[in-house]
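Have a look at the structure below before the remarks.
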């Protein structure tokens with residue numbers, strides 16, 4: 001789920 | 001992580017290092033817009049609020065700390081360092097950047113993916129980042145003579161979001177239901193704002209003459 005949204009991007 | 005995103009992050013990191021290098025070594029911030037630097041400090045402060053609550057990777061956290069640290073230290077240098085602050089052309093850097101903050105905040109309150117405190121501020125940081133370069137571009141048009149380091153700084157800063165657009169296309173094609181219109185549109189607007197700068201930057205690079213933006 002975490003990879004799903006762009007929150008893993010800077 | 002994909003090559004486009006890594007290239008984007010490295011280009012972004014390079015832009016910040018070029019600026020810090022300029023300010024730290026020649027103790028001058030001539031041609032640099034403090035307004036843009038303050039907007040970027042706000043962008044990172046509101047974007048990385050989750051730095052304490054969610055952890056993705058060492059890389060992610062490390063880069064967040066670097067961007068936060070560098071943007072605030074650049075603002076500190078330009079505001080308080082006894083030598084650097086004298087080289088800041090206050091009269092030319094007059095863009096009313098607070099007029100950018102409020103509309104972005106209102107827009108984030110209206111258009112967002114989830115109505116939570118973190119999500120609205122995160123969305124606000126996306127909108128603000130899209131327009132944060134405007135004071136710097138206006139200053140470049142006024143000061144005319146753009147020194148190499150400032151030109152490289154703006155060029156790299158514009159390039160990083162371009163790589164991110166390739167990253168979003170790649171992720172859309174490879175990850176099922178990876179759709180984030182808000183991020184994509186804000187990123188596209190941001191990159192388009194650099195379009196004319198890129199045009200003149202390449203012209204000056206091709207003709208090997210000083211970078212001059214039309215008034």
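Determine, from the Cβ-Cβ distance of residue B:98 and residue B:68 and an R0 of 22 Å, the FRET efficiency 1/(1 + (r/R0)^6), rounded to the nearest 0.05. Once rounded, the FRET efficiency stands at 0.55. What separates the Cα centres of the range B:141-163 and the range B:63-91 is a distance of 17 Å.
So, in nm, how far is label residue B:196 from label residue B:2 when the simple model puts each one 7 Å beyond its Cα toward the Cβ? Each label point is offset 7 Å from its Cα along the Cβ direction, giving 3.3 nm. Here the gap between residue B:17 and residue B:113, fully extended at 0.36 nm per residue and compared with their Cα-Cα distance, gives a gain of 31.3 nm. In plain terms, the residue of B:5, B:144 with the fewest other Cβ atoms within 10 Å comes first and the most crowded comes last, giving B:144, B:5. In this simple spin-label approximation, residue B:204 and residue B:79 carry label points 7 Å from Cα along the Cα→Cβ vector, and these lie 2.9 nm apart.
Residues B:27, B:114, B:22, arranged from fewest to most other Cβ atoms within 10 angstrom of their Cβ, appear as B:114, B:27, B:22. By the count of neighbouring beta-carbon atoms within 10 Å, fewest first, B:38, B:119 end up ordered B:119, B:38. Note on B:119-131: average number of Cβ atoms from other chains within 10 Å of each residue's Cβ is 0.
Since every read-out is calculated from the coordinates, none of them should be taken as a lab result. This structure is a prediction, so every number in the text was calculated from the model and none was measured. Methodologically, a virtual Cβ is constructed for each residue, glycine included, from the backbone with ideal geometry; neighbour enumeration extends over all protein chains shown.
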